[in-house]
1. Arrange the peptides 85-91, 41-47 so that the one whose residues have, on average, the most other Cβ atoms within 10 Å appears first.
2. Please order LYS48, LYS115 by the number of other Cβ within 10 Å, starting at the fewest.
3. Among the listed pairs LYS25/LYS48; LYS48/LYS71; LYS48/LYS115; LYS49/LYS71; LYS71/LYS107, give every one whose C-alpha distance is greater than 29 Å.
4. Taking the Cα-to-Cβ direction at SER149 and at VAL79 and moving 7 Å from each Cα, how far apart do the two end points lie in nm?
Amino acid sequence: MPICVVNKCSLHLSVKQFNMSPRPKLIRKINHHPVVSGFKPYGFLPDKKVSGSVFLHYEEYESIRLCDYEKLSQQEASVYMNVSRPTLSRIYTSARNKIAQAFVEGKRLIIEGGKVVFNNDWYTCKSCNCYFNYPFDDGVARECALCGSRNIQNCDDPENDSSMDNSNTETPLR
């Protein structure tokens, strides 16, 4: 909705309209991918069956991991996530509220989403020129996340121009 601004000193000037929109969210940096995608309650009483889910964003998970599990201060955690300390405080409070809601109401807690980038190796695909990262700790990427090509290269190793595609190499027959 446009907001009208009038200059009080000279009312004969035309009214200017500004579209007020919120500042875009910055990308939060996540150092570790969660080992699980969520939690599910069990042991409901027979007369109490609650359904529904609470969604915990990756940045909220990371704030809980850094502040509660790693025992970092909010200032230190904000540096790791590349956000300001007040922003980290809001993310952390939101995470704690969602976890409390899931526990008290017996809802599933699903960890997903958010505007994040994982602090892992970055790759480039030589087939489609896509840049992507591999957010899992189980090794290296084997194919492009967009087109599925195996013709990819680790961006941290630019002088090594050999791709990870081994389909063109000949193996001797025995």
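1. Descending packing order for the listed peptides: 85-91, 41-47.
2. LYS48, LYS115
3. As for pairs spanning more than 29 Å Cα to Cα, those are LYS25/LYS48; LYS48/LYS71; LYS48/LYS115; LYS49/LYS71.
4. That separation, rounded to one decimal, is 4.0 nm.
Taken together, the values in this text are just the output of simple stated rules run on the coordinates, not laboratory data. This is a predicted model, so every value here is computed, not measured. Virtual Cβ from ideal backbone geometry, glycine too; neighbours counted across all protein chains shown.
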